[in-house]
Amino acid sequence: MRFSVDTTSAMPVYAQLVAQVKEAIAAGVLRPGESLPSLRELAGQLRVNPLTVARAYRALEAGGIIVTEHGRGSCVSPRAAAERAAFRREALEAAVNRLLAEAAQMGASPDEVWAVLAARMRASAEPAPAPGE
């Protein structure tokens with residue numbers, strides 16, 4: 001799994017990392033027992049302070065999402081599988097909040113937003129056309 005951060009975001013970097021781990025668990029990309037990069041490795045990859053990654057890992061550990069063993073590193077906890085639906089709901093709510101904030105900036109009405117969302121949902125539920133159609 002590749003992590004990324006937006007240093008211009010209002011959301012702190014450690015919180016972005018926590019959210020990405022939860023979203024990856026929700027999507028099934030990270031599974032219980034799967035290892036996370038070491039603090040130094042991830043800090044180097046993202047070009048952030050290792051203390052920032054440590055803060056994210058501590059928050060994930062405090063929430064029971066990961067477990068850390070000295071000398072072995074951090075991995076997704078078995079409990080995380082049970083939280084998958086909650087993480088998916090959290091990620092969905094965050095996406096909807098971003099959509100609504102952007103729609104408000106554009107001056108879109110709730111009816112406009114709902115109409116576009118309903119149309120996209122219908123379109124994504126339709127079977128894909130066969131090749132050559």
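Tabulated results
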read-out	value
Which numbered condition ALA85 fails, given (1) surrounded by 12 or more Cβ atoms within 10 Å (Cβ to Cβ); (2) at pLDDT below 90	(1)
Residue in the stretch 10-20 that is of a type outside the set (Lys, Arg), crowded, with 18+ Cβ neighbours inside 10 Å, in a loop (DSSP other than H, G, I, E, B) and over 12 Å from the mean Cα position of the chain (by Cα) present	no
From GLY33, GLY28, residue being at positive phi, at pLDDT below 90 and either in contact with a strand residue (DSSP E or B) (Cβ under 8 Å, 6 or more places away or on another chain) or surrounded by fewer than 16 Cβ atoms within 10 Å (Cβ to Cβ) (or both)	GLY28
Every residue from the stretch 70-94 that is at positive phi and touching a residue at least 12 places away in the same chain (Cβ under 8 Å)	GLY73
Residue count, the stretch 36-56 (criterion: surrounded by 14 or more Cβ atoms within 10 Å (Cβ to Cβ) and part of a loop (DSSP other than H, G, I, E, B))	4
Contacts under 7 angstrom Cβ, first residue in the stretch 41-69 being within 19 Å of PHE87 (Cα to Cα), partner assigned to a helix (DSSP H, G or I) and among the small types (Gly, Ala, Ser), 6 or more apart	ILE65/ALA80
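Matching residues to (1) within 17 Å of the chain's Cα centre (by Cα); (2) more than 27 Å from ILE25 (Cα to Cα):
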| residue | (1), (2) |
| --- | --- |
| ARG47 | no, no |
| ALA56 | yes, no |
| PRO78 | no, no |
| ALA94 | yes, no |
| ALA101 | no, no |
| GLN105 | no, yes |
| VAL113 | no, yes |
| ARG122 | no, no |
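The values are calculated or read from the model by the stated rules, or taken from the named source; none is laboratory data. Note that the coordinates shown come from a computational prediction; the quantities given were computed from them, not determined experimentally. FYI the Cβ positions are ideal-geometry reconstructions off the backbone, even for glycines, and counts take in every protein chain you see.
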